[in-house]
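Participant: Input: one structure, supplied below.
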Amino acid sequence: MKRAVYHVEARLDVLEIVEYYERQAGVEVADRFTAELERFVERVAETPLAYREFERGIRRANLNRFPHHILYRILNEETIKVISVKHDHRRPSYGTRRR
């Protein structure tokens, strides 16, 4: 399994989403989002080529229960980098310029 690292702005994306769910739906929903996100990042780290290429060098994995997805890059044989976590309706190019 590859190691997953987050771009600093991807961590901010997650905080923003969690805070939104806490305000709108409560801590339990925010915790469910966090748990699903962690499971998906683990899946991506285990099988990074299983998800479609969204843009050159960037792959996309959709969460199941929440309308969000992960954009990531395969850095090398040992590491993937989550560059963005965003809502499905957010601007398609959001986060794609992050390295």
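Participant: Short version: ³J(HN,Hα) in whole Hz for each residue of segment 10-23, in order, from phi by Karplus 6.51 cos²θ - 1.76 cosθ + 1.60 (θ = phi - 60°), x for Gly and Pro, what are they?
Facilitator: Those phi angles translate into 5, 5, 5, 4, 4, 4, 4, 5, 4, 4, 4, 4, 4, 5 Hz.
Participant: Of all alpha-carbon pairs in segment 38-99, indicate the percentage at a distance above 18 angstrom. Intermediate values should be presented prior to the final figure.
Facilitator: On the way: 499 of 1891 pairs.
Considering segment 38-99, 26 percent of its Cα-Cα pairs are separated by more than 18 Å.
Participant: Whole-Hz Karplus ³J(HN,Hα) for segment 91-96, in order, using 6.51 cos²θ - 1.76 cosθ + 1.60 and θ = phi - 60°, x for Gly and Pro?
Facilitator: 2, x, 7, 4, x, 6
Participant: Any chance you could list P(r) for segment 3-87, counting all Cα-Cα pairs in 5 angstrom bins from zero, rounded to whole %?
Facilitator: 3, 15, 27, 26, 16, 8, 4, 1
Participant: Which three lengths, in whole Å and largest first, does segment 1-50 cover when its Cα atoms are put on their principal axes?
Facilitator: Ordered largest first, segment 1-50 gives principal extents of 35, 21, 14 Å.
Participant: Now for a separate question. Using θ = phi - 60° and the Karplus relation 6.51 cos²θ - 1.76 cosθ + 1.60, list the HN-Hα couplings for segment 40-56 in order, rounded to whole Hz, with x at every Gly or Pro.
Facilitator: 5, 4, 4, 4, 4, 5, 6, 9, x, 7, 6, 9, 5, 6, 7, 8, 3
Participant: Still on this structure, I have one more. Find, among the GluC sites (Glu not before Pro) in segment 48-99, those assigned to loop by DSSP (not H, G, I, E, B) with at most 14 other beta-carbon atoms within 10 angstrom.
Facilitator: Here the sparse-neighbourhood loop sites are 77, 78.
Participant: Residue 46 to residue 28: extension gain in nm, 0.36 nm per residue of separation minus the Cα-Cα distance?
Facilitator: Working: separation 18, 0.36 × 18 = 6.48 nm, distance 2.72 nm.
Result for the pair: 3.8 nm of gain on full extension.
Any read-out appearing in this document is the output of simple, stated calculations on the displayed coordinates, not a laboratory observation. Here the structure is a predicted model, which is why all the values come from computation and not from measurement. Note that we place each Cβ from the backbone using ideal geometry, even for glycine, and neighbour counts take in every protein chain shown.
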